[in-house]
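Reviewing the structure listed below.
Please treat every number below as a calculation from the coordinates, not as lab data. Please read these numbers as outputs of a predicted model, since none were measured by experiment. All Cβ positions, glycine included, derive from the backbone under ideal geometry; neighbour counts span all protein chains shown.
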Amino acid sequence: MKAAIVYADESGTHDRTGAQPGSEFPTIAGYAAPPSEWSSFCVEWKAVLKSFGAPYFHSREFRAAKSAIENHKKETPELKRNPYYGWDLKRLDKFLFVLAKVAGKGNKVIIAGAVRVSAFNRIKSKLETDNPEQIQLGDDPYKYSMGEFFHIYHRETFRYWGNFKCPVTFFFDRSDDPKWISAIHEVYEAFSKKDLRMKGVSFVDKKDETHLPLQAADMLAYYARKSADKLSDNTFNLDRFDRILLNNLLRNAAKTNPGLATFLRGKQYE
């Protein structure tokens, strides 16, 4: 492997207090893969978009279109601009599952970092009271999520690829929030000083055809955040979509876990 590229997106980062719906578990997630893998991915992803007549995949717009059907919402100017508005549920679900299959296959490494805002604030408050000299969490739960993301990046790429030597570049979705961009640069720089393979971070448009893997990262980030919500409520169940999207992760875990291997053999997820 001569190089690796990481594409990552975020979900649940609209309220640093964690009070608004969907903001309790700010999450950063994406995939690492060699350039050849991303080239194959782009061909397949683009073919799926074309076959469904979709210009791109975007979780927020996809969910809005589906919610409009399920909740019988009236047409709004925003819905009218939504590329999935007017699709029926069958078409929406098939679109999502086919894209998930493309995202979940191949030589990709899943990376995800998150934190529960209420737990972050609780620990931070306790440290401020009991040990004010050694506060290491900082003031921003999003920075902590970023730190978790880069920790997981190191752990998971080593687990899949060993002590590889090639350069790694990172692409995140473009943001209009200067505080968010500054935080990613800050955390990235801290980690890159300890890992000379990390060769750069950029912010690009997920709708740009040259960066289609960001659309898969968008799908994964939303899934990871929703999974965290369900796990906290004890409502998480591994369904068909989970098994398709997490194909590589489940297969590799099954190699060292006979019980999981038996479970997967009894499930149709390809």
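Packing-wise, with mean Cβ within 10 Å as the measure, how do 145-156, 203-214 rank, highest first? Before the final figure, lay out the partial values.
On the way: 145-156: 19.8, 203-214: 16.9.
The packing order, highest mean first, is 145-156, 203-214.
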Taking a cut-off of 13 Å between Cα atoms, list the aspartates and glutamates near residue 50, but don't count ones fewer than 8 places away on the same chain.
-> 209
Quick note on 46, 80, ordering by fewest other C-beta atoms within 10 Å, gives 80, 46
For segment 189-206, take each phi angle, set θ = phi - 60°, evaluate the Karplus expression 6.51 cos²θ - 1.76 cosθ + 1.60, and give the result in whole Hz per residue in order, putting x for glycine and proline.
-> 4, 4, 6, 5, 5, 9, 9, 6, 6, 6, 10, x, 10, 9, 10, 9, 8, 5
Can you run phi through the Karplus equation (6.51, -1.76, 1.60; θ = phi - 60°) for segment 210-223 and list ³J(HN,Hα) in whole Hz, with x for Gly and Pro?
-> 7, 10, 4, x, 5, 5, 5, 5, 4, 4, 5, 4, 5, 4
Alpha-carbon centroid distance for the pair segment 196-224 / segment 40-109, whole angstrom = 17
Structure shown: which of 194/226; 143/206; 46/74; 165/226; 108/143 lie over 28 Å apart, alpha-carbon to alpha-carbon?
-> 194/226; 46/74; 165/226
